[in-house]
Amino acid sequence: MWCVGSRSDAEFTDYFAGRVVPLRRFAYALCGDWHTADDLVQLTFVKLYQHWRRARPESLDAYTRRILVNAFLSHRRDRRRETVVAEPPDTPVPQVEPGGDTGLGRALRALPPRQRAVVVLRHLEDLSVAEVAELLGMAEGTVRSQTARAVDALRRALAPTKE
């Protein structure tokens, strides 16, 4: 199916069909919002399509995940530039996560973006420390320390409160 140098639109369509759902779940785990997850996945596939003919089949999933993580981190930086208004134009609909457990989702959203990315890649995508380090462009020791800090923060956030 993969031909070196001549990647077709049909191959891209097949790849999209097979990866859109898992990437959407991955994006949701990163950002905690289905609408933003959809936007991130759409941006990921647009960027992937732009480089489709040059992308190597053996590392296509890792390349796609990297595009998505970079889009998420850029989105987080861009959100800081938004302006706050006194009256919001719309009232948001309360979100309920699949499965009804909002505690973990809330705790994940409270993590800094890079820690959240490390936790999601390590524990939901089941990538090794080396793979996460390469994907995020950081040292393996940094991945381990960020994972430890994030897991510690999640444990504190999810621990039963003593009254």
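The values are calculated or read from the model by the stated rules, or taken from the named source; none is laboratory data. This is a predicted model, so every value here is computed, not measured. Cβ: placed from backbone, ideal geometry, glycine included. Neighbour counts: every protein chain shown.
Among the candidates Thr36, Thr64, which residue alone is more than 22 Å from Val132 (Cα to Cα) and either buried (at least 16 other Cβ atoms within 10 Å of the Cβ) or touching a Gly at 6+ places or on another chain (Cβ under 7 Å) (or both)?
Thr36 is the lone residue from the list that is more than 22 Å from Val132 (Cα to Cα) and either buried (at least 16 other Cβ atoms within 10 Å of the Cβ) or touching a Gly at 6+ places or on another chain (Cβ under 7 Å) (or both).
Only one of (1) closer than 14 Å to Arg66 by Cβ; (2) surrounded by fewer than 17 Cβ atoms within 10 Å (Cβ to Cβ); (3) of a type in the set (A, V, I, L, M) fails for Ala159. Which number is that?
For Ala159, the exception is condition (1).
Could you list all residues from region 1-21 that are modelled with pLDDT of 90 or more, surrounded by 12 or more Cβ atoms within 10 Å (Cβ to Cβ) and of a type outside the set (Phe, Trp, Tyr)?
Within region 1-21, Glu11, Asp14, Arg19, Val20 meet the criteria.
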